[in-house]
Amino acid sequence: MSRRDQYGIPHDSVITIAGTVGVGKSTMTNALANALQFRTSFEKVEKNPYLDKFYNDFERWSFHLQVYFLAERFKEQKKIFEYGGGFIQDRSIYEDTGIFAKMHYEKGTMNEVDYNTYTNLFDAMVMTPYFPHPDLLIYLEGSFDDIYDRIKERGRPMEQQTPMEYWEEMYNRYENWIDNFNACPVLRLNIADYDVLNDEESIEPILEKIGHFIQQSRKWRSRQLT
Ligand SMILES: Nc1ncnc2c1ncn2[C@@H]1O[C@H](COP(=O)(O)OP(=O)(O)O)[C@@H](O)[C@H]1O
Ligand SMILES: Nc1ncnc2c1ncn2[C@H]1C[C@H](O)[C@@H](COP(=O)(O)O)O1
């Protein structure tokens, strides 16, 4: 019996992994996709033509970067839809606007006209009944110190040169954002409670929770339609 069947996780499920930079989203995406034999949808950091420039000059490149991310994530969304689901997605589209664009606007590194243009575009594309929301958003959380250690350990040069205050600000915003998020069901996981890199077994209770959450939310959705 496959792990998918064992835990009652529908083959067409779409699960998105959210959380601040360095918390372990890509690692979790790979682990879940392997366990469930699902496809993956990753952020392609190396191929991003704006990211390096953005870290060198937020004001100059904020708008370009957000539009680029929005287009990339929308294309990924289309791919997921065309395959009929069965995906684990590394970072949700909701974080682009709810965390990044908002933070840069409020900190003064994205101007008001650009922010309004971006949010109008985002709302027109995403916040509509035509945009399929994921079955489940898995939110990864942990202490700031542990997450900051992971950023340093991963060692992406553009992130190393960015002051710690930037990551701290983002960390605090994530905590508030998730408490108010309601676009789809949320499963919160603390990174201190599992280790999918060094302890393979620690994925099992997570799969069990995923099955439970998705079954509940699909029942709820079908009741809404009848
Ligand atoms: N369970 C874990 N234990 C220790 N290190 C981890 C664990 N999960 C991820 N990491 C490490 O933390 C860093 C960030 O993980 P990553 O999955 O790239 O995060 P994100 O995609 O959220 O930015 C990487 O160096 C990764 O190897
Ligand atoms: N929407 C975004 N705006 C600015 N920066 C972003 C956005 N989405 C991702 N990023 C950055 C943050 C990291 O440096 C890389 C990849 O994120 P990760 O959490 O490591 O997957 O892109």
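Rule-based calculations on the coordinates, nothing more; no lab input. Since this is a predicted model, take the numbers as computed values, not measurements. Here Cβ is always computed from backbone atoms with ideal geometry, including for glycine, and neighbour counts include all displayed protein chains.
Things to note:
- Estimated translational diffusion coefficient (Stokes-Einstein, Kirkwood radius over Cα pairs, 25 °C, 0.890 mPa s) of the chain: 133 µm² per second.
- Computed extension length for GLU165-LYS47: 39.9 nm, one decimal, from 0.36 nm per residue of separation with the Cα-Cα distance subtracted.
- Sum of -39500 (n - 2.57) over DSSP H runs of 4+, divided by residues of the chain (222 nm, nearest 500): -16500 deg cm²/dmol
- For the stretch 155-199: rounded, prolate or oblate by the Cα gyration tensor [a/c cutoff 1.5]: oblate
- Applying both filters, DSSP loop and at most 16 other Cβ atoms within 10 Å, to the trypsin sites (Lys or Arg not before Pro) of the stretch 1-79 gives LYS44, LYS47.
- Global geometry of the stretch 130-226, whether rounded, prolate or oblate, following the gyration tensor of its Cα atoms and the 1.5 cut on a/c: oblate
- The stretch 61-151 - Debye-derived log10 I(q)/I(0), Cα point model, q = 0.19 Å⁻¹: -1.00
- Gain in span if fully extended, LYS107 to TRP220, counting 0.36 nm per residue against the direct Cα distance: 36.8 nm
- Between the stretch 1-73 and the stretch 129-185, the Cα center-to-center distance that results, in Å: 12
- A Förster radius of 22 Å, combined with the Cβ-Cβ distance separating ASN172 from SER143, puts the computed FRET efficiency at roughly 0.95.
- Cα pair distances exceeding 13 angstrom across the stretch 119-161, given as percent: 71
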